[in-house]
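What follows is calculated from the coordinates using simple rules that are stated; it is not laboratory data. Worth saying up front: this structure is predicted, and the values here are computed from it rather than measured. So basically every Cβ, Gly included, is an ideal-geometry build from the backbone, and we count neighbours across all protein chains shown.
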Amino acid sequence: MIRKILTLRNVRRIYAAFFLLLFIILLWLTSFNRMKGYETPLFLELDPLVAIASFLTSWTVYKGLALSLFVIIGTLLVGRFFCSWVCPMGIVNQVIGSLFARMRAVDAAELNSYRVLYRLKYYVLALFLVLAAFGSLQVGLLDPIPFVTRSFTTSVFPAANYGRSWLYLKQPLFNGGTLLGLIFLGVIFATRFLPRFWCRVLCPLGALLGLFSRKPLLRIWRDVDLCTDCKKCLGHCHGGCNPHSELRITECHVCMNCIEDCPENAIHYGLPKPSSSAQMPLDVSRRRLIESVLTGVVLFPVMRSTFASGTSPQYRVIRPPGSITEKDFLRRCIKCGQCMKVCPTNVIQPALLEAGFEGLWTPILINRIGYCEYNCVLCGHICPTGAIKPLTVEQKLGKSSGQRQVKIGTAFFDRGRCLPWAMNTDCIVCEEVCPTSPKAIWFQTFDVQLRNGMTKVLKRPFIDPTLCNGCGICENKCPIRDHAAVRVTSIGETRSSLNQMILKS
Amino acid sequence: MPSKNNKREPQISRRQFLLRAASTCGLAAATSVWGYVFYSKEPVRRSDTKILTFKDYRTGENNVYPHLAVVHGKDAEKMVRAAIDRIGGMGRFVSANDKVLLKPNAAWDRQPEQAANTNPAVVGAIVKLCIEARASEVWVTDVSVNDPYRCFARSGIEDATKRAGGKIKLASENDFVLTDLKGESLKVWPVSPFYHKADKLINIPVVKHHSLSKCTIAMKNLYGSLGGQRNRLHQDINTSIADLATAIRPTLTVIDATRVLRRNGPTGGNLSDVSIENTVIAGVDLVAAETYGIRFLDLKAEDIPFIAIAEKRGIGTSDLKLLNVAEIEV
């Protein structure tokens with residue numbers, strides 16, 4: 001009885017359910033009022049592609065990313081287990097795909113056979129690794145862990161919260177969230193036509209783990225003496241790795257379905273037997289591989305000869321406090337969206353083209369949505385790659401000796417829109433909410449003559465650029481709702497030596 | 001040559017024809033009725049939203065006790081207890097099974113020492129007194145300016161409230177209820193829903209400097225009941241504050257002047273802006289309490305227009321000489 005329930009397939013299912021749930025819980029915990037020292041970026045840290053690509057850009061294995069060694073070593077021993085046992089993206093694709101695509105056995109055998117299309121992911125990987133070697137970390141666009149973290153943070157969780165407020169007190173809004181949601185839905189929708197489309201065709205992490213699983217110690221073996229060529233093993237195959245013939249070992253997710261499906265007990269997992277079938281090596285075309293590498297070689301200088309945040313400071317590219325210089329930032333940021341999830345005010349947003357193509361979905365601050373909370377340093381502590389360095393509150397506010405406060409930008413008044421300046425109306429909300437002490441926003445009292453000849457005493461605000469840390473609460477709380485009369489731009493940010501305006505600062 | 005696609009439509013009987021004709025007429029009639037019923041000259045049909053008003057949270061007049069109790073001391077809980085005992089004890093204000101709403105100032109992500117929020121010890125003491133007066137529930141709420149979770153956690157108010165047996169209540173955007181303040185500047189505003197669910201309201205402000213209104217104490221603390229685009233209130237701040245004090249009549253006001261933020265208000269942030277005054281003031285008269293509180297900021301009642309407006313409207317008395325003020329040391 002127990003042997004019947006506790007099959008290898010069911011053990012895998014239990015692991016998959018556990019890890020998917022763990023992923024969702026850890027992401028749910030990623031917020032100020034719930035985190036209590038949990039390792040919330042765990043899945044990103046387990047991701048060897050993040051570790052290796054960011055190693056190529058900057059020659060370090062940053063803190064928690066060392067955990068990815070477990071996955072690499074595990075893959076060398078037991079094969080590409082990550083994809084169907086651990087990876088939330090793979091599990092979501094598998095579950096939803098099998099819910100909506102009911103196939104006849106003959107179609108399943110056809111769809112689950114290996115296809116030349118599956119080589120594509122290796123070319124994607126080659127392109128990303130070449131870009132990384134030059135110093136541009138684009139792997140987060142398609143790496144499944146950042147992809148699924150970003151999609152959940154910016155679209156799935158906010159949509160689940162809409163109208164109910166059970167996940168967030170304030171409905172989160174994300175810049176281009178619909179686009180991110182549609183891309184996620186599109187990937188899942190593709191499983192209607194080809195099971196595990198993402199994992200088999202596109203996933204660069206799958207490709208990387210494929211490379212590590214070229215000769216694993218333990219693998220799936222088919223006994224040629226027992227096999228009757230019925231192809232039932234293809235019925236539920238996750239990887240599309242041809243267990244019915246010479247197994248494509250680099251494609252195998254060790255999902256164990258073929259073992260359970262074989263009516264002849266011809267398939268086993270472990271060490272080979274004398275009657276075990278031969279296996280196929282990694283299948284890539286050398287020409288296509290060289291093409292992908294050359295694409296990277298051409299693309300990098302193209303991206304770096306564009307007017308973008310990597311080449312020239314951009315006024316809307318206000319990075320979270322603790323962010324490293326822009327060139328290094330683009331070497332480290334994997335666009336995973338953890339900082340966006342943890343930010344209590346929702347100010348951290350995925351950039352569209354504000355930072356240029358290279359900066360797509362990297363975090364920027366949009367002060368109309370939120371503002372940088374003065375005493376908050378959560379984003380730096382959650383960042384798994386060190387694109388945002390962890391600051392203490394004292395470091396951020398410049399309260400430890402010999403240190404200045406961390407500036408992320410500077411606020412400027414638009415006197416044509418500011419109520420006291422343009423319309424002789426009392427306001428100075430910006431001064432009220434300015435968090436520094438003494439306040440960076442100060443005021444002078446003017447006697448102004450009104451249209452009807454009367455005089456009025458009015459307080460008009462000014463900025464002290466040396467005190468302003470660019471937090472943007474003034475812009476956020478400005479009553480001119482659509483386009484605030486005080487706005488923060490990135491000038492003066494601590495992390496940049498170029499983006500400065502004041503001589504003595 | 002006949003068509004190869006030669007599947008023919010079956011002939012229908014008289015009975016079938018009549019049935020079909022009847023159902024077609026029925027559909028046509030239903031369409032006309034739908035058009036008639038829903039015909040409108042307005043592009044969008046709106047259901048009328050109910051607009052509430054504030055209840056009067058005060059309990060009956062009582063001239064036996066002093067108007068204001070002012071307590072000086074070191075231990076916040078003892079001071080609060082002494083102050084409320086001096087004006088009749090919590091039993092005068094809270095009856096058994098009341099739902100009591102406490103409104104401290106928890107607007108800012110600051111620590112207690114920085115005096116930007118109400119002292120958590122004062123809030124905790126009042127929660128305890130309410131529970132001792134057999135209130136069924138004690139809720140502590142505010143509509144914070146900074147992130148509410150951070151404000152309540154870092155101000156220490158969340159911890160103090162929970163320890164004393166109260167609950168923190170935070171409203172999400174869609175919970176706010178449209179309420180008519182019937183003021184000169186403030187008409188219909190979204191208001192935190194708990195004000196309509198509670199039976200009693202205890203206002204627990206802290207004494208702070210404010211650049212535009214000069215001070216933010218008991219009357220301006222009521223600003224934290226509003227949601228929506230409340231930053232517009234600054235454009236007519238004195239009338240707005242007086243309107244708030246007219247619309248919302250708390251059961252009791254307990255002013256926390258244990259620490260006073262004298263400069264850089266209302267946010268503060270620097271300990272050098274804070275002076276230790278070790279005082280708690282309790283009373284029903286909002287204007288009198290406010291007037292007592294401004295001395296810590298070196299202000300006089302005539303400097304502050306909203307006190308004059310409120311007094312003219314009969315909200316309270318600013319001339320403390322006319323009132324019975326009891327000063328106690330504990």
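Taking beta carbons within 10 Å but only from partner chains, what does the mean come to for residues B:288-300?
Values: counts 0, 0, 0, 0, 0, 0, 0, 0, 0, 0, 0, 0, 0.
The shielding value for this peptide is 0.
Modelled spin-label separation between residue A:116 and residue A:70, with each label point placed 7 Å from Cα along the Cα-to-Cβ direction: 4.1 nm.
About the Cα centre, and with charges only on the beta carbon of Lys, Arg (+1) and Asp, Glu (-1), how big is the dipole of the protein assembly as shown? Nearest 20 debye, please.
Numbers: 103 positive and 67 negative charges, 509 e Å.
Approximately 2440 debye in magnitude.
Label-to-label distance for residue A:193 and residue B:1 is 3.9 nm, based on points extended 7 Å past Cα in the beta-carbon direction.
Is the shape of the range B:184-258 rounded, prolate or oblate, going by the alpha carbon gyration tensor and its root eigenvalues a ≥ b ≥ c, with a/c under 1.5 for rounded and a/b larger than b/c for prolate?
On the way: a/c = 1.87, a/b = 1.03, b/c = 1.82.
Note, shape of the range B:184-258 comes out oblate.
Rounded to the nearest 10 degrees, the inclination of helix A:8-29 to the longest alpha-carbon principal axis of chain A is 0 degrees. Note on residue B:317 and residue B:53: their simple-model spin labels are 2.7 nm apart, each label 7 Å out from Cα toward Cβ.
Peptide A:370-380: average number of partner chain Cβ atoms within 10 Å per residue? Write out the running numbers ahead of the final one.
Values: counts 1, 2, 0, 5, 7, 9, 5, 0, 1, 0, 0.
Mean shielding by partner chains, rounded to a whole number: 3.
Remind me, relative contact order of chain A in percent, using alpha carbon pairs under 8 angstrom and six or more residues apart?
15
By per-residue mean of other Cβ atoms within 10 Å, what is the highest-first order of A:174-186, A:405-417?
Details: A:174-186: 16.5, A:405-417: 20.2.
Top to bottom by mean Cβ count within 10 Å: A:405-417, A:174-186.
Please work out the FRET efficiency for the pair residue A:228 and residue A:15, using the Cβ-Cβ distance as r and a Förster radius of 30 Å; give the result to the nearest 0.05. Efficiency for this residue pair is about 0.45.
Note that the protein assembly as shown carries a Kirkwood radius of 31.1 Å, evaluated over its alpha carbons pair by pair. Each of A:201, A:240, A:310 was scored by the projection of its Cα onto the charge dipole of chain A, and the greatest displacement toward the positive side belongs to A:310; charges sit on the C-beta of Lys, Arg, Asp and Glu. A simple packing score, the average count of other Cβ atoms within 10 Å per residue, orders the peptides B:227-240, A:234-247 as A:234-247, B:227-240, with the highest score first. Phi angles of the range B:31-46 translate, via the Karplus equation with coefficients 6.51, -1.76, 1.60 and θ = phi - 60°, into HN-Hα couplings of 4, 5, 4, 4, x, 5, 5, 9, 4, 8, 8, 9, x, 10, 8, 10 Hz per residue; Gly and Pro are given as x. Rounded to the nearest 10 degrees, the inclination of helix A:120-134 to the longest alpha-carbon principal axis of chain A is 40 degrees.
Computed from point charges on the beta carbon alone (+1 for Lys and Arg, -1 for Asp and Glu), the dipole magnitude for the range A:148-280 about its Cα centre is near 580 Debye.
State the Cα centre-to-centre distance between the range A:57-118 and the range B:206-253 in whole Å. Measuring centre to centre over Cα atoms gives 58 Å. Taking the alpha-carbon centroid of each part, what is the distance from the range A:183-239 to the range A:260-302 in angstrom? So the two Cα centres are separated by 10 Å.
Relative to the Cα centre, the charge distribution of the range A:124-217, modelled as +1 at Lys and Arg Cβ and -1 at Asp and Glu Cβ, gives a dipole magnitude of about 240 debye.
Sorting check: for B:247-258, A:383-394, A:445-456, which peptide has the highest mean count of neighbouring beta carbons within 10 Å, and how do the rest follow?
For the peptides B:247-258, A:383-394, A:445-456, the packing ranking is B:247-258, A:383-394, A:445-456.
Across the range B:133-140, computed HN-Hα scalar couplings (Karplus, 6.51 cos²θ - 1.76 cosθ + 1.60, θ = phi - 60°) run 7, 6, 5, 6, 9, 10, 10, 10 Hz from first to last residue, x flagging Gly and Pro. Using R0 = 25 Å, the C-beta based FRET efficiency linking residue B:303 and residue B:329 works out to 0.30. In percent, rounded to a whole number, the relative contact order of the range B:228-293 is 33, using alpha-carbon pairs under 8 Å and six or more apart. Can you give the FRET efficiency for residue B:295 and residue A:482, using 1/(1 + (r/R0)^6), R0 = 35 Å, r = Cβ-Cβ distance, to the nearest 0.05? That pair, residue B:295 with residue A:482, gives E of 0.25.
Residue by residue along A:423-435, Cβ atoms of other protein chains within 10 Å of the local Cβ number 5 on average.
Amide H to amide H distances under 5 Å link residue B:277 with B:259, B:260, where only residues 5 or more positions off or on other chains count and H is placed in the peptide plane. For chain A, the longest principal axis of the Cα atoms and the long axis of helix A:48-58 meet at an angle of about 50 degrees. Restricting the chymotrypsin sites (Phe, Trp or Tyr not before Pro) of the range A:24-91 to loop positions (DSSP other than H, G, I, E, B) with no more than 13 neighbouring Cβ atoms within 10 Å leaves A:38, A:59.
Projecting the Cα atoms of B:89, B:224, B:25 onto the dipole axis of chain B, where Lys and Arg carry +1 and Asp and Glu carry -1 at the beta carbon, places B:25 farthest toward the positive end.
For residue B:188, enumerate residues with amide H under 5 Å from its amide H, sequence gap 5+ or separate chain, H modeled in the peptide plane. Under 5 Å from the amide H of residue B:188 lie the amide H atoms of B:181, each far enough along the sequence or on another chain. When you filter the GluC sites (Glu not before Pro) in the range B:61-121 for DSSP loop state and at most 14 other Cβ atoms inside 10 Å of their Cβ, you are left with B:61. May I ask which residue of A:123, A:290, B:2 lies farthest towards the positive end of the charge dipole of the protein assembly as shown, with charges of +1 (Lys, Arg) and -1 (Asp, Glu) on Cβ and the Cα centre as origin? Checking the options against the dipole of the protein assembly as shown, the answer is B:2.
Per residue, how big is the convex hull around the C-alpha atoms of the range B:28-97? Give it to me in cubic angstrom, could you? Don't skip to the answer; put the middle values down first.
Values: hull volume 17.7 nm³, N = 70.
Convex hull volume per residue, Cα atoms: 253 Å³.
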